[in-house]
């Protein structure tokens, strides 16, 4: 009788053991799978975000195909109505007008970025004079916010400054803004880390470079202003002035030749 009771008990115990084994095996598989995914995510190389173009950084249109086509067509229409011969197709040169415009606007945007960078470096230098660290000073400027291209890019790369330090942060900024003085600051900061100089001296030298470049660009703009004003006058006012000056004598000459008749001519 005891054997008849023991067999079902053993069968039940075996069933419970197999069920527990199956449940524990399933849980172990789930944990192993999750652990593997976490390790893969940690060990997977970080994909660097795609660097924006210079036009995107400074808020300029990157695709000028349509403006170039419109300028070329407008130039052709103008020259074909005013000229004869092969010179009629010279209006196609107007296709470079959007490219020149973008180059000019890009230079002005870089100049404004240099002025903004000058202000930021002055704040950094003042903080370093009073014993602040470079990373903490840059982080305070980023957290303070503000308007401008340089501050906007600094805020966009806050995570880089927090995780990788000021050198990587400055390298990313110099690559996006394409400002040579920022690259010079990066070289000086790396030299300061190696013990060649101090961060304060590196920032002070960068401020001098930015100030000198701003003044140089301003002098170049002032010296080139007459030429930039002369070219629109040549292409807009000069043809109108020539028509107004030459039309009356040409009309008088035509009237004289028409009134003289064919018998007067030899």
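The values are calculated or read from the model by the stated rules, or taken from the named source; none is laboratory data. Owing to the predicted nature of the structure, the values given are computational and were not obtained by experimental measurement. Cβ: placed from backbone, ideal geometry, glycine included. Neighbour counts: every protein chain shown.
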**Study point:** Residues of the range 162-184 satisfying the condition of being more than 19 Å from residue 205 (Cβ to Cβ) and either in contact with a helix residue (DSSP H, G or I) (Cβ under 8 Å, 6 or more places away or on another chain) or touching a residue at least 24 places away in the same chain (Cβ under 8 Å) (or both)
**Key:** 162, 165, 168, 172, 175, 176, 178
Practice item. Considering every residue within the range 98-117, establish whether at least one is at pLDDT 85 or above and either in contact with a strand residue (DSSP E or B) (Cβ under 6 Å, 6 or more places away or on another chain) or not in a helix (DSSP H, G or I) (or both). Key: no
Revision key, fill the gap. In the range 123-134, anything exposed (fewer than 15 other Cβ atoms within 10 Å of the Cβ) and modelled with pLDDT of 85 or more is listed as 126, 129, 130, 133
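Residues are listed down the side, and each one gets a yes or a no for (1) at positive phi; (2) out of contact with any helix residue (DSSP H, G or I) (no Cβ under 8 Å at 6 or more places or on another chain):
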| site | (1), (2) |
| --- | --- |
| 102 | no, no |
| 116 | no, no |
| 120 | no, no |
| 127 | no, no |
| 145 | yes, no |
| 153 | no, no |
| 156 | no, yes |
